[in-house]
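Quick note: the coordinates plus some simple rules give every number you see, no bench work behind them. Just so it is clear, the structure is predicted and the values come from calculations on it, not from any experiment. Here the Cβ is made from the backbone with ideal geometry for all residues, glycine too, and neighbour counts use every protein chain on show.
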Amino acid sequence: MYKSEFSTTYEIGIHKIKSLNVQSMLFKVSIFPLMLFAFFFGYLDYPVKYVLIFGALFLLLFSSLNKYNALIVFQTQDIFFLLYLLSGIISLFYTDSLSRALVYLGIWSFGILIKLWLPYFRNNTKYIINCLFAFSTLHVLATLLQIMFPALMISINAVILDANTLYWNNLFLRQNAYTGITGQIGTNAFYLSVFVGIAVCKLITLSKQQRNTKFVFICLAGAAFLALLATQKRGPLLFCVLSILGILYIWYAKTKKNIFRFIWLVTLLGVAIMMLLLFTDYGQTLTSRFFYGSYGDIYSGRLPMFLLMWEGFLEKPLLGHGLASTSTLVGTLGHSTGHNVYLQSLNDIGLIGTFCLMVFMYKSLERTIRKIRMQSNTTGPHRLIYYLQISLYLQLFVILYGLTGNPIYDHFQFIIYIIACAIPGMITNGSSFSQNNIKSHNGMEDVYEK
């Protein structure tokens, strides 16, 4: 009887571990369509796009049906994002772009649900980071191939791209702006910036003994940065550099208290960037665009659009004109989005909703920085800091890119951002769960052997 009792306990433990393995497998399956949605958004028809993200959420929920360890935690920032959603829902009663507003709300709702559910899948942060790295690598390789073998990429794109995307891809190529396997240089620049950030975060967290690995990632980061230059997009390049400076400052100056290392790395980075800007054709063209803009307009035709959104905000400062109403407003100027998340949000849902969005961004950023400092004082795996650094970089990049881009309104960019915001929660819950699970499993084995 004594042995039978512990045998039953051991079998229950084995059942739980097998259940965890099944959950982990389903989690990995669910992340794949999420990454397809994020990195190949332009290739898919609209029904397929939303089936992918709905399928990813469904698989996440289905893989956690065994509730014995489920715990969904609402952070302060999550409450503010829900209030942001509420502002958008209220604005449905007076928006003039109802269908577009419903799509925005649908994607944002899926996003916050995914963020809330991801921390439940402990010990899978590495898989998400590897997916981000692998999928962004495809865009880096495609851009480099387009630079070196444009005829080859024209043939490949003719097969994989639809007619409209292929037209824009070839049009940009004739202007020596490289879109890789996308139809927009801004989209491609976003993906390349993701890769650059991951490579730099890897470099930061490598030890002094890993010299060969450091050399490999220096080459990878340099090649990706050159590809980013070749897109001729000023905003992503500038915000990529500023985000790198941000993670260097927080890590070396604030966390490690090594201000001299920070100054040395900033100087080295500055010299490298100046050489690329001054001594490469892509850098010289981009430098000219920084000072003179496109066709002599440094704002690339966006200043009138910014002024329209600001005037719209002043007309209805509290609640705005309705979610997605900016599409109608800037449509008179030939645009579909405002190219500034904050002005567009102010015009759409007013000061209250925009305040909630900005609090969400700030609190998510603050939590990530706090976790980096806490993890630096522990003896846990150094790779956890690497994951947190990537989260910090992506959040900084999206917040800055919001000044000239649409990372909250562009669905694929928003999904990547929301995944980055979820990473600190996955690491926080993952470490303690993993250790407790291993201890309990080992304990059951020991008892059974007795």
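Some notes on this structure:
- From largest to smallest, the equivalent ellipsoid semi-axes obtained for the range 145-284 from the alpha-carbon gyration tensor read 32, 15, 13 Å.
- Hz values of 3J(HN,Hα) by residue in the range 106-119 - Karplus curve (6.51, -1.76, 1.60), Gly and Pro given as x: x, 5, 5, 5, 4, x, 5, 5, 4, 4, 5, 8, 4, x
- Restraint check, Lys126/Lys257; Lys202/Lys256; Lys214/Lys257, Cα-Cα greater than 24 Å: Lys126/Lys257
- In order along the range 371-376, the Karplus-derived 3J(HN,Hα) couplings, from 6.51 cos²θ - 1.76 cosθ + 1.60 at θ = phi - 60°, round to 5, 5, 5, 5, 5, 5 Hz, and Gly and Pro are given as x.
- In the distance distribution for the range 68-133, Cα-Cα pairs more than 13 Å apart total 71 percent.
- Hull volume per residue, based on the alpha-carbon atoms of the range 328-410 and their convex hull, is 79 Å³.
- For the range 134-145, backbone phi angles converted through the Karplus equation (6.51, -1.76, 1.60; θ = phi - 60°) give residue-by-residue couplings of 5, 5, 5, 4, 4, 6, 5, 4, 5, 5, 5, 5 Hz, Gly and Pro being listed as x.
- With the highest mean first, a sort of the peptides 399-408, 385-394 on other beta-carbon atoms found within 10 angstrom per residue produces 385-394, 399-408.
- Taking amide H atoms as placed 1.01 Å from N in the peptide plane, the amide H of Ala177 has no partner under 5 Å among residues 5 or more positions away or on other chains.
- Taking chymotrypsin sites (Phe, Trp or Tyr not before Pro) across the range 69-107, the ones in a DSSP loop with at most 11 further Cβ atoms lying within 10 angstrom of their Cβ are Phe74, Phe93.
- Pairwise FRET efficiency - Phe32 versus Asp281, Cβ, R0 = 35 Å, nearest 0.05: 0.40
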